[in-house]
Amino acid sequence: MDTSYETIIIGGGVVGSSIAYHLSEQTKEGILVLDQKFPLSGTSGSTQAWVWVHNKTPSWYAEFSMYSAELYSYLSKKIGDIEFKRTGGLSPFFNEADREKAVRLAEAYEQIGIKIKVLSREEALEKEPFLNPDVVGATYSAIDGNVNPFRLVDRYMRAAKKNGVQYSTYNKVTEIQKLPGKFIVVSEKGTFTCKNLILAGGTWSRELGKLVDVNIPINQLRGQILVTEPLKPFLNYTISGLRQAFNGEVLIGYSMEQEGFNRATTLDVIQETANMAVHYVPSLKKAKVVRAFSGIRAMPEDGFPILGKIPGAENLYVAATHSGVTLSPLIGTLMTELILEGETSIPIDRYSISRFA
């Protein structure tokens, strides 16, 4: 393996691999992706994998998510079948007070070109007949959907490798030195040099930042998910909290727990998750649960992506965020523009790490 590269990306999950792929489309200069384990062994392989726009607040963040969701159809044509399905998204509510919030959300989104419909009880049940008949209404957006995260990351990697990107896995970075015009990246399997260095380590971003004396304020949030046996297709939409996969399994869960890197599953959250599912879709009461798993989200302290150049360090970049699946096509595109052209087609100033200074 070479030891000198134009660009090194630390982190091969959905965000790092998207950057590697998009960058490799535009330049043939050497690109290396380093991952301390194997892509998909972390957050990217333990997710509901929604491509989700509606319900994101404030509206400028929803708009950012919308731009990314719009790229998915084209992306799947370029890199291959990722089981992307624009199902539309439903977010049910069960008390009348929530309708006012939903109407305000729809009005705010209308100004940025995102159409959200606030459904009556009858309209919600017409769209999703298996919803709890006690539902009062729902918000609906045609733009939402889901993807197979394993196929997505695998296709990013295959396409990137085809373009010449090298991956070095099970290779933890232990030290980073900044020298004039270059970085020296020391890992368990060797030492590499590069001009551009991108920190895309997801949940490990804070630890990576310490190697370059930068505070990257990313915390860990555990989420637990239940998976049912394969059922006949009966859910039409991606519902906030659950979705039915291509193979008929229903994925359920949206817990958020501050448990560091602990990926255990716990009976109390599993019970809460099952109760939520049965409350939303009563017929799930009869479904057998075949698996429970948890994943660790990379959650910035203020909840919004941390993207772009790191001030005061030439050619040092960061890409760390929650909702990495939704945002990966856009982040890959914008980070490529930033590295090659020095600017982005969509402003990312508000996502700069400098906001935490």
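The values are calculated or read from the model by the stated rules, or taken from the named source; none is laboratory data. Everything numeric in this text was worked out from a predicted model, so none of it was measured. No Cβ is skipped: glycine too gets one built from the backbone with ideal geometry, and neighbour counts run over all protein chains shown. Keep in mind that these areas ignore ligands, DNA and RNA; they rest on the heavy atoms of the full protein, side chains included. Shrake-Rupley method; radii C 1.70, N 1.55, O 1.52, S 1.80 Å.
A few notes on this one:
- Net charge dipole, the chain: roughly 780 debye, given to the nearest 20, about the Cα centre with Cβ charges of +1 for Lys and Arg and -1 for Asp and Glu.
- Figure note: Thr344, Thr265 ranked by solvent-accessible area, largest first, 1.4 Å probe, ligands and nucleic acids not counted: Thr265, Thr344.
- Largest to smallest accessible area among Lys232, Lys189 [probe 1.4 Å]: Lys232, Lys189
- Cross-link check: pairs Lys56/Lys232; Lys85/Lys115; Lys78/Lys161; Lys37/Lys189 evaluated at a Cα-Cα cut-off of 21 Å; pairs beyond the cut-off: Lys56/Lys232.
- Percent of Cα-Cα distances greater than 32 Å, calculated over the chain: 32 percent
- Cα gyration tensor shape of segment 7-53, rounded if a/c is under 1.5, else prolate or oblate by comparing a/b with b/c: oblate
- Per-residue [θ]222 nm for the chain (sum of -39500 (n - 2.57) over DSSP H runs n ≥ 4, rounded to 500): -9500 deg cm²/dmol
- Residue (of Thr87, Val290, Ile198) at the positive-pole extreme of the chain, dipole from beta-carbon charges: Val290
- Take the chain with all the other protein chains still there, run a 1.4 Å probe, and you get 44 Å² of accessible area per residue.
- With the charge dipole of the chain set up from +1 on Lys and Arg Cβ and -1 on Asp and Glu Cβ about the Cα centre, the Cα lying farthest toward the positive end among the listed residues Ile112, Leu338, Thr273 is that of Thr273.
- Global form of segment 221-357, assessed from the alpha-carbon gyration tensor, a/c cut-off 1.5: prolate
- With every protein chain in place, segment 156-295: carbon and sulfur % of accessible area (1.4 Å): 51 percent
- Restricting attention to the chain, close to 70% of DSSP beta bridges with both partner residues there are antiparallel.
- Acute angle (nearest 10 degrees) that the helix 14-26 long axis makes with the longest principal axis of the chain, alpha-carbon atoms: 60 degrees
- In segment 17-149, the portion of solvent-accessible area held by carbon and sulfur atoms comes to 50 percent [1.4 Å probe, whole percent, DNA, RNA and ligands not counted].
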